1. With respect to residue 277, is the statement that it is closer than 30 Å to residue 103 by Cβ, in contact with a Leu (Cβ under 7 Å, 6 or more places away or on another chain) and part of a loop (DSSP other than H, G, I, E, B) true?
2. Out of the residues in segment 259-274 meeting the condition of being more than 15 Å from the chain's Cα centre (by Cα) and outside any strand (DSSP E or B), tell me which one is surrounded by the fewest Cβ atoms within 10 Å (Cβ to Cβ).
3. Just checking, does segment 308-330 include any residue being among the basic types (Lys, Arg) and within 21 Å of the chain's Cα centre (by Cα)?
4. Tell me, please, whether a residue that is hydrophobic (A, V, I, L, M, F, W, C), part of a loop (DSSP other than H, G, I, E, B) and touching a strand residue (DSSP E or B) at 6+ places or on another chain (Cβ under 9 Å) can be found in segment 68-78.
5. Confirm whether residue 134 is touching a residue at least 40 places away in the same chain (Cβ under 8 Å), part of a strand (DSSP E or B) and closer than 23 Å to residue 2 by Cα.
6. If residue 187 satisfies all but one of (1) outside the structural domain of residue 159 (by TED's automatic domain parsing); (2) part of a loop (DSSP other than H, G, I, E, B); (3) surrounded by 14 or more Cβ atoms within 10 Å (Cβ to Cβ), what's the number of the condition it fails?
7. Is there any pair linking a residue in segment 195-212 that is closer than 13 Å to residue 252 by Cα to one that is surrounded by fewer than 18 Cβ atoms within 10 Å (Cβ to Cβ), with Cβ under 8 Å and at least six apart or on different chains, and which?
8. Can you name every residue in segment 1-21 that is part of a helix (DSSP H, G or I) and surrounded by fewer than 22 Cβ atoms within 10 Å (Cβ to Cβ)?
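The values are calculated or read from the model by the stated rules, or taken from the named source; none is laboratory data. A quick note: this is a predicted structure, and the numbers were derived from the prediction, not measured. With ideal geometry, Cβ positions are generated from the backbone for all residues, glycine too; neighbour counts draw on all protein chains shown.
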Amino acid sequence: MQVGVLTFHRCINYGSYWQARCLVEGIAARGHDAVLLDHRSRAVTSQEWRYAFQPLLPDRSGRADIMAYGRKLRRFLRAFAALPMSAPFDLDDPADMPGMDLVVIGSDEVLNLSHPWYGGKRLFWGEGVNAPRVVTYAASSGNMDADGGLAPDWRARLRRLDAISVRDGNTCAVVRAATGQRPAMVLDPVLQFPPQVQAAGEPAPYLLVYGHHIPDWFAARVRDAARRRGWRTISVGYRNDWADEQRLDAGPLDFAALVAGASAVATTYFHGCVFALANGKPFVAAPSFYRWNKLRDLIALLDAHRHLTFEDRPASEVDAALDTPPQVGARLAGLRAQSDAYLDRVLA
């Protein structure tokens, strides 16, 4: 079949890039002609690039950081150019979208009406898609809480989809309330189809830090734990002044290679946890407001609670989390089989 993947494939974000790449490559490996549906929007690109250069607002990036973020952006653009893409079409008027036998929406926050620039785009809910069948894979509602419910028109769009799968409990609740049906629970594409990336040629050992606006209490505990072990701390993608080194200009391939070579990972990001899990690395995570739903539900899905810490918990939790990788092999195997079964069904 000709299969189009509809997702946030041009975000300047490591997780967005890798979930898009892993899903389209995973579908292609099953024998289908898979491409990313290349929607374009000047307004979205403007917002995305503005955030890429100023990720720490209200604190503004200095000149040196802006230059580093520019190098990071160019590395992302080169990585995008190597992905299998459809002909481009307008995000808000998708009349020129190429026809497909099947369109797979997801993963990422495709069902998040609160997303700062993709929220409310009806295309990600199946409206205007040029295909006889439309399904989701590992869709997420992000920080849009299930308690808020959906307006009737958004509920109707979900009901028109041919099959729905999600990657977190919050989105499961959103879909179930809207449709009356429990969607399939599947793994993020990075965990379902882990990328095979060679470790970066970095002197070991080091702890990789991924996130921004990391709370002071978490930064202090991570820094102290790293020093006790004789590990350098490398902050990737964003500035964290408490880290020993800043790798602001790392592209998506650099990011994956840095995780592969790390002794451990400290993060406030969903895909920071996902990449640590995919590489079998010890990790410790702290909650952040925007990413809390995704982070909480991933930890619960894999029963990896010892790798999530909070300010009112003992500082020793960070040390314990960094001592050994999470023991989630059996859970991952079961969820991979579950995800395969869903893909077998929708790609038949």
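1. Working: closer than 30 Å to residue 103 by Cβ: yes; in contact with a Leu (Cβ under 7 Å, 6 or more places away or on another chain): yes; part of a loop (DSSP other than H, G, I, E, B): no.
So residue 277 fails the test.
2. 263
3. As a first pass, look at segment 308-330 and keep what is among the basic types (Lys, Arg): 313.
Retained after the next criterion (residues that are within 21 Å of the chain's Cα centre (by Cα)): none.
Taking every residue of segment 308-330 in turn, none turns out to be among the basic types (Lys, Arg) and within 21 Å of the chain's Cα centre (by Cα).
4. no
5. Details: touching a residue at least 40 places away in the same chain (Cβ under 8 Å): no; part of a strand (DSSP E or B): yes; closer than 23 Å to residue 2 by Cα: yes.
No: the conditions fail for residue 134.
6. (1) is the only condition that residue 187 fails.
7. From residues that are closer than 13 Å to residue 252 by Cα, there are no pairs.
8. The answer is 16, and nothing else.
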